[in-house]
1. When Lys and Arg each count +1 and Asp and Glu each count -1, what net charge do the other residues less than 15 Å away from R251, Cβ to Cβ, add up to?
2. Once amide H atoms are placed 1.01 Å from N in the peptide plane, what residues at a sequence separation of 5 or more from K123, or on another chain, have their amide H within under 5 Å of its amide H?
3. For the pair K47 and Q180, how long in nm is the line joining their label points, each one 7 Å along Cα→Cβ?
4. Lysine pairs in segment 108-165 with Cα distance under 26 Å, only those 8 or more apart or on different chains: how many are there?
5. Could you tell me the relative contact order of segment 159-246? Use alpha-carbon pairs under 8 Å, at least six residues apart, and round to a whole percent.
6. May I ask for log10 I(q)/I(0) of segment 83-227 at q = 0.09, 0.18 Å⁻¹, from a Debye sum over the Cα atoms as equal point scatterers with solvent left out?
7. First compute the accessible area of segment 153-260 with a 1.4 Å probe, then give the percent of it belonging to carbon and sulfur atoms.
8. What list of ³J(HN,Hα) values in whole Hz, one per residue of segment 246-259 in order, does the Karplus curve 6.51 cos²θ - 1.76 cosθ + 1.60 (θ = phi - 60°) give from phi, with Gly and Pro shown as x?
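The values are calculated or read from the model by the stated rules, or taken from the named source; none is laboratory data. Note that the structure is a prediction, hence the values are computed from the model and not measured. Positions of Cβ are backbone-derived with ideal geometry, glycine not excepted, and every protein chain shown enters the neighbour counts. Surface accessibility is based on the protein's heavy atoms, side chains included, excluding ligands, DNA and RNA. Shrake-Rupley method; radii C 1.70, N 1.55, O 1.52, S 1.80 Å.
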Amino acid sequence: MVKKTQLLNKKEILSNLSTEDKESLEELIIFKEIGSTNDEAKKKISKIKDTTSSLAFFAEKQIMGRGRSGKSWESPKNVNIYLSFAWLTTMPPKELEGLSLSVAVEIVNALNPILLNDTLKIKWPNDLFLSDQKVGGILVESSIDKNKTGIVIGVGFNVLMSGKQNSIDQNWTSLSLYFQKDFDRNQIAGLILKSLFNLKQNFEKHGFSFYKKQFDSLNLLKNKKCLVTLAGQDLKGVVEGVKENGELIFREKDKIHYLRFGEVSIKNI
């Protein structure tokens, strides 16, 4: 692989967007270094003009990047995508179930055409995998602002990260490691951002039902034997799929559990 530094470039990222999406984007900022792009988006979201507008924040490096349940997200500089996308919606928080799964489906749709037909898979509730190795993660956060719901979607995606990054406590890969070639970070950044504009439009109209069928086909855990940790208790069983609201259907012998985001840990046996 050719080793080179690729800096994010606003013009190149925006070239992947439609004119309509570019016009609705109130702000796109690329930080050389920041604590967390999600935190920045949460601070700025109240300044969005209306529900048709949005904000996007990229960083070359995060020093306080995080994933689900407050876990840290490794964010070395100039090699990956660290993006937060924010907007206001009239949807109440209870209608946001399945949002992280929907985000994942849109990202898969955006990136698979350039991944040599090697399909990204989704690990419930918010991870992207190539084979059995994690390549990306999604963090959705919401808040109430007057009569509107503020949505912040954080995406971390490994593009050029090398095998020298060994502080991660699970199997992981990056596009360059997996395919043994370089990828254009600005193209990846632009495609992911474009996918989030698609998500905003489709999810607000249809919710998770719009994505459920495709998620089922991309579900890394479907029909797999898994170990679930729930309320401090380990359960062994098989994942059968997801409900219409995105809850995981998990069969433990003759008992069915419906698992919600944030309350469980799950892994293949």
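1. Charge balance in the 15 Å sphere: +3.
2. Result for K123 returns L128, F129, L220.
3. Going by the 7 Å Cα→Cβ label model, 4.7 nm.
4. 5
5. 18
6. Treating every Cα as an identical point scatterer, log10 I(q)/I(0) equals -0.28, -1.06.
7. 44
8. My calculation for segment 246-259 gives x, 5, 7, 9, 10, 9, 10, 6, 9, 10, 9, 10, 10, 9 Hz in order.
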